[in-house]
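Below is one structure; the comments refer to it alone.
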Amino acid sequence: MAGSSGACAWRVLPAACNAKHTKTVIVPSQSGTLKLQPAQEGKPAEEHYRYAHLLPHFSQDRYPPLTPYEHVDPGFRALKHPNPRAFLDNATSVVELTPNLGTEVHGLNLAEFNNDQRDELALEVARRGLMVFRDQQDFIDRGPEFYREWGSYFGRLHIHPTSGHPQNYPEIHLVYRDANTSFNFEINDSITSTVWHSDVSYELQPPGLTTFFLLAQPTTGGDTLFTSQVSTLKKLSPQFVAFLRTLKAVHSGVEQADFSRSGKRGGVVRRDPVENIHPVVRRHPVTGEEALYVNRQFTRRIVGLKREESETLLTFLYSHIDKAGDLQARVKWTPNTVVLWDNRVTAHSAIVDYGESKERRHGARITPQGERPIPALDGLDLSN
């Protein structure tokens, strides 16, 4: 883990150049922002980093607990459209990545979508779980004000309690790693970097439709894996699914907060960590599909079961998710790719296989909150 001494453990990073053609370093300002500054004279010039204004900022701001809000999914409106897939009409290519998960699209500009098209997009992402849009430089280059406007259309924007964000734009969650620094929630004492999760599932109202893109990426590697939690559930026997519908689980943000407090993530915790109870099987509010809703990163225990029973059941479900290669899709990042997924019906994992290249991977996530997870079993009490 880089950054062992907290948010000030930045070292040389090939990121930009100045008029004297000197190397640059990333250093923290007093406000916690990563800055590009000249280093030693006489060094070869480095390429200017186009997205230096979106480097991680670790503010010391404190936020109050999140309060409930009424979420109305835009996909509901698309159900009434004559053709809910009309937004794809002008695409030059629409390819299903797998039968049950993922669609790749070429020839559309997400940045120019009107409200009807955004509604249709929300519905299609809910149905397919994952959509990959190529050639989206216009979207990416419109900047953080546009990112906020885009995300706000799909729900209240989540501010991550521990991650870096562009200065003055806490709603934009940043993923960053280079040769010397990492602000991802990673555990280096494991034989694998694959950790399946649904983003911040510990919140009372976890995310729904999520948008993510890379501003910089390694030449090869750094892909993202996705799996359909609708499909993982369908693989199980009806009797077992009926049992799972009666269960609820605790999702916790405590470990992630403690990791940051140790100085390894960025050293800040802006909102006290929470734990919330969610159904093990949830229902999508628009499509009505049922999906498994546990994940190795944030789910901690099954409510009402003894410790050994809970651990055995969760270990089985995690293993099922891990092994289900026939239910997964792998996104290979190319420049100017924008990916959207529905956190309610998918899980995903970064693949950290590019460390030896010492190249930068810099991503931005726009994370609208959805509704409180709806139990697949009507009347399931989520109070305790």
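Nothing in this text is a laboratory measurement; each read-out follows from the coordinates by a stated rule. Note that the structure is predicted; figures quoted are calculated from it, not measured. With ideal geometry, Cβ positions are generated from the backbone for all residues, glycine too; neighbour counts draw on all protein chains shown.
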Sequence-distant residues sharing a close amide H with T224 (under 5 Å, placed H): V331, W333
With 10 Å bins from 0: P(r) over the stretch 186-265, alpha-carbon pairs, percent: 11, 31, 39, 15, 3
11 Å beta-carbon shell around Y202, net charge (K/R +1, D/E -1): -3
From phi via Karplus (6.51, -1.76, 1.60), per-residue ³J(HN,Hα) for the stretch 51-56 in Hz, x at Gly/Pro: 10, 4, 6, 10, 5, x
³J(HN,Hα) computed for each position of the stretch 275-283 - Karplus, 6.51 cos²θ - 1.76 cosθ + 1.60, integer Hz, glycine/proline x: 10, 9, 9, 10, x, 5, 10, 10, 10
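How fast does the stretch 211-361 diffuse by Stokes-Einstein, in µm²/s, taking the Kirkwood radius from C-alpha pairs at 4 °C and 1.567 mPa s? Don't skip to the end; give the middle numbers.
Values: Rh = 17.4 Å.
It diffuses with D of about 74 µm²/s by this estimate.
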Amide proton proximity set for W196, modelled H, under 5 Å, gap of 5+: R296
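Considering only the other residues whose Cβ falls under 12 Å of the Cβ of R142, what net charge follows from Lys and Arg at +1 and Asp and Glu at -1? Don't skip to the end; give the middle numbers.
Working: positive: R148; negative: E112, D138, D141, E145, E149.
Every neighbour counted, the sum reads -4.
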Nonlocal amide H pairs with V303, under 5 Å, H built at 1.01 Å: K248, A249, V250
